[in-house]
Amino acid sequence: MAALNESILTSKIFDELFSFRGAAKEVVLLGPGTPFYPVPFFSREITAIMGTRIFDPLTMLTVVSEAGGTKKLHQIAEKR
């Protein structure tokens, strides 16, 4: 299995990092910024995506504006 953090999506070296997956049968893209639309990723041989879904944006903005941190963010978000 290879686990790739979603931050590689914004880097210009996605293809280079993706090539390090070797013979992994499962390739997971994960992190709070992972998009929930899987089609483009599945066509690139990524087998699963895992991210964070926000149900209460106003509370999330409050936590972020108060520097609430990851632990607090995960208390008010759903993981998938």
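The values are calculated or read from the model by the stated rules, or taken from the named source; none is laboratory data. The shown structure was predicted, so the numbers you read here are calculated from the model rather than taken from an experiment. Backbone-built Cβ (ideal geometry, glycine too); neighbour counts: all protein chains shown.
Laid out as a table, the results:
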| read-out | value |
| --- | --- |
| Strands (runs of 3 or more DSSP E) contained entirely in the range 16-57, each with at least 2 residues that are modelled with pLDDT of 85 or more | 27-30, 48-50 |
| Count of residues meeting criterion [among the polar types (S, T, N, Q) and more than 17 Å from F14 (Cα to Cα)] in the range 24-74 | 5 |
| Residue in the range 27-35 that is polar (S, T, N, Q), in contact with a helix residue (DSSP H, G or I) (Cβ under 6 Å, 6 or more places away or on another chain) and on the phi < 0 side of the Ramachandran plot present | yes |
| Residue list for the range 31-57, restricted to those being more than 15 Å from N5 (Cα to Cα) and touching an Asp or Glu at 6+ places or on another chain (Cβ under 7 Å) | R53, F55 |
| Pair list, Cβ under 9 Å, 6 or more apart: the range 1-18 residue among the β-branched types (V, I, T), other residue surrounded by 13 or more Cβ atoms within 10 Å (Cβ to Cβ) and part of a strand (DSSP E or B) | I8/L29 |
| The range 58-80, subset among the charged types (D, E, K, R) and part of a loop (DSSP other than H, G, I, E, B), residue farthest from S7 (Cα to Cα) | E66 |
